[in-house]
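Report on one structure; see the data block that follows.
The values are calculated or read from the model by the stated rules, or taken from the named source; none is laboratory data. Computed from a predicted model, the values in this text were never measured in an experiment. A quick note on method: Cβ atoms are made from the backbone with ideal geometry, for glycine too, and the neighbour counts reach across all protein chains shown. Heavy atoms of the whole protein, side chains included, go into the accessibility calculation; ligands, DNA and RNA do not. Shrake-Rupley method; radii C 1.70, N 1.55, O 1.52, S 1.80 Å.
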Amino acid sequence: LPRHHDHHKPSAPQTFTQRLFRKSFKDPLVPIGCLLTGGVLGGGLYTLYTGQAGLSQKFMRARILAQGVTVVVLCTGTVLMGNEAMKGGPRETLEQKMLRERMEDRQHKQAAAAVAAAAAATKAS
């Protein structure tokens, strides 16, 4: 049976920027690695443009290293987050969620009908 605390419904949809900041604060190493990789790539392209082939080669090697570290951090974070998700027990499938929501809707309608019937009965007496 699904646990009620597993089904967090956000109060309002988040914009792209809000989501980006929330995820960046949760796992800051990935955006730092992306910025570092982009910075090193930009430096390498600039040195290639200015004709400094040896320095450009060093920048490109550093870019590969930064990119590799970023991918490792990303994969590690994904595995750790997956392990955290597995601690909560089995996840609810889409079909189970739809059935649960349909059952909750029926219960709410039945409760509302019972309240309306009780109100009508008290009004009649």
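Points worth noting:
- Solvent-accessible area per residue, Å², over region 84-125 with all protein chains present [probe radius 1.4 Å]: 91
- Using a probe radius of 1.4 angstrom, the carbon and sulfur fraction of the accessible surface of region 38-82 is 75%.
- J(HN,Hα) series, region 29-34, from Karplus relation 6.51 cos²θ - 1.76 cosθ + 1.60, nearest Hz, glycine and proline x: 5, 5, x, 4, x, 5
- Contour minus Cα-Cα distance for Gln96 and Val115 (0.36 nm per residue): 4.0 nm
- Global geometry of the chain, whether rounded, prolate or oblate, following the gyration tensor of its Cα atoms and the 1.5 cut on a/c: prolate
- Close Lys pairs in the chain (alpha-carbon distance under 22 Å; sequence gap of 8 or more, or different chains): 10.
- Think of the chain as having a plus end and a minus end, set by charges on the Cβ of Lys, Arg, Asp and Glu; of Ala53, Pro28, Asn83, Pro28 sits farthest toward the positive end of this dipole.
- On Cα atoms only, tilt of 94-124 relative to the major axis of the chain in degrees: 30
- Per residue, the chain reaches -27500 deg cm²/dmol at 222 nm when only DSSP H runs of four or more residues are counted, each adding -39500 (n - 2.57).
- The chain: angle of helix 53-87 to the longest principal axis, Cα-based, in degrees nearest 10: 20
- Net charge dipole size for the chain [Lys, Arg +1 and Asp, Glu -1 on Cβ; Debye, nearest 20]: 100
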